[in-house]
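The values are calculated or read from the model by the stated rules, or taken from the named source; none is laboratory data. Note that the coordinates shown come from a computational prediction; the quantities given were computed from them, not determined experimentally. Ideal geometry is used to build each Cβ from the backbone, glycine not excepted, and the neighbour counts take in all protein chains shown. Ligands, DNA and RNA are excluded from the accessible area calculation, which covers all protein heavy atoms including side chains. Shrake-Rupley method; radii C 1.70, N 1.55, O 1.52, S 1.80 Å.
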Amino acid sequence: MRSALTFLLLILVLFAPNPVQATDVEGVRLWDSPERTRVVFDLSGPVEHRLFSLSEPDRIVIDLSDARLADGFRPDGDGVVESIRSGTREENDLRVVLDLAEEARPRSFVVEPNEQYGHRLVVDLDRVQGQERAREAVRQLPSGEDRPVVIAIDPGHGGEDPGAIGPQGTREKDVVMQIARRLERLLEEEPGMEPFMIRTGDYFVSLRDRVQRARDAEADLFVSIHADAFKDPRARGASVYTLSEQGASHEAAQWLADRENSADLIGGVKLSDKDDTVASVLMDLSQSASISASLELGDRMVQQMSGNLRMHKREVMQAGFAVLKAPDIPSILVESAFISNPQEEQLLNQQEYQENVARYMLKGVRDYFWENPVPGTRIAQMVRDGDSAEREHRISRGETLSAIARKYDVSVQKIRQANSLNGDQIRVGQVLRIPTSS
Ligand SMILES: [Zn+2]
């Protein structure tokens, strides 16, 4: 008798229209990048949606069944989205309208909850001119007989994927971007080298797109910058990783690789292209050449870093990072310190530490490319001409010889010798030869 009643109640619950079950749209986050604006709706549960575009003026209409806005929902536009409006439709349904500032192609998908977020509806608005603009940026990199070596700098994570978070709330995506910007500036001043930023702002780029961008830029090297995290807050020091052909060189390395690889799940990429597995196997096979180059490069970087920074391990580690799977491009991943360690979290926020990490990365890269010059590059030409990794510096107002020496990490004495200077007297506009530090 009792069970029959329960059964009856269950039927009522299952089939009665129940307004309490409506899904709340709790918030919206917008991430703008040169190619697209990503709009992420945070939801209290799963939702059915329908999306269509209207023109004159350009706008995107999203209908959500049995949904409503949570209190205090007042989003601002960003990027492609000029403003966001909403209204109730047919009693229980919600209509959200995105007014566009420029023409964009919409794509939408729902994402299941994960460690960081709950149910989400993701609307990607691809700029019609965006893809073209991205290609233009790549094409503008110098090419030709004495082309520079192109270094793709990949600041890890971004957008809704914050990466690891320190005990004081420092986000990995922010500090690695700061280090990446410093490396970019150093490379701009480095003769024979040119930086190429894989991500230039706070937005999400899938692991595969990162590799593809490096390939489109015809990069000679791919450097991914991260900050480590571990359950034991005492873990500390920087590490350099390369891709391994057969599993990880260290158990913790595989744990780390799993965590970094899961960025795509956090970032909400739709993993629909299943044929990828075959492609990635083929990719692995064609990689042995670039893996040995990566190892050698990683080795130079560890040498430079370990003399000057605290290291977690004084050797190149190997693990299966998805982001390092660029055939033909030597690729390394640098964990700049442990963000999970309270002292190192502070270090990661310090300009001096960031600058040091960038500088020793640069020196490792420099050592590698001067020892293994890529044919057809300016460095190969300089090596042929018997030059060393020598640079020029034009003196600007307020600079001193000792400041310049610090900047290039050479002694004042070496700069004096290279330029036949007797004292510390220098003048604005004067061009100094900066000798190599090694
Ligand atoms: Zn990371």
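Spacing of the modelled spin labels on Asp146 and Thr88, each 7 Å from Cα toward Cβ, amounts to 7.2 nm.
For trypsin sites (Lys or Arg not before Pro), the sites in segment 326-434 that DSSP calls loop and that have at most 13 other Cβ atoms within 10 Å are Arg397, Arg427.
Fully extending the segment from Val61 to Asp385, taken as 0.36 nm per residue of separation minus the present Cα-Cα distance, adds 110.4 nm.
When the C-alpha to C-alpha distance is required to be over 21 Å, the pairs from Lys313/Lys407; Lys173/Lys363; Lys173/Lys231; Lys313/Lys414; Lys363/Lys414 that qualify are Lys313/Lys407; Lys173/Lys363; Lys313/Lys414. GluC sites (Glu not before Pro) within segment 15-120: which are DSSP loop residues with at most 15 other Cβ atoms inside 10 Å? When the GluC sites (Glu not before Pro) of segment 15-120 are filtered for loop state and at most 15 Cβ neighbours within 10 Å, Glu48, Glu90, Glu91, Glu102, Glu103, Glu115 remain. Once the chain from Glu26 to Asn422 is taken as fully extended at 0.36 nm per residue, the excess over their C-alpha distance is 135.7 nm. Spin-label model, Val374/Lys414: points 7 Å from Cα along the beta carbon direction are separated by 2.5 nm. Given R₀ = 25 Å, what would the calculated FRET efficiency be for Glu352 paired with Glu392, taking r from the Cβ atoms and rounding to 0.05? The pair Glu352/Glu392 has a calculated efficiency of 0.45. Per residue, the accessible area of segment 390-434 comes to 64 Å² when a 1.4 Å probe rolls over the protein heavy atoms. Within a Cβ distance under 11 Å of Ala337, other residues only, what is the Lys/Arg minus Asp/Glu net charge? Taking every other residue near Ala337 into account, the sum is -3. Summing +1 for each Lys or Arg and -1 for each Asp or Glu among the other residues whose beta-carbon sits under 11 angstrom from that of Lys363 gives 0.
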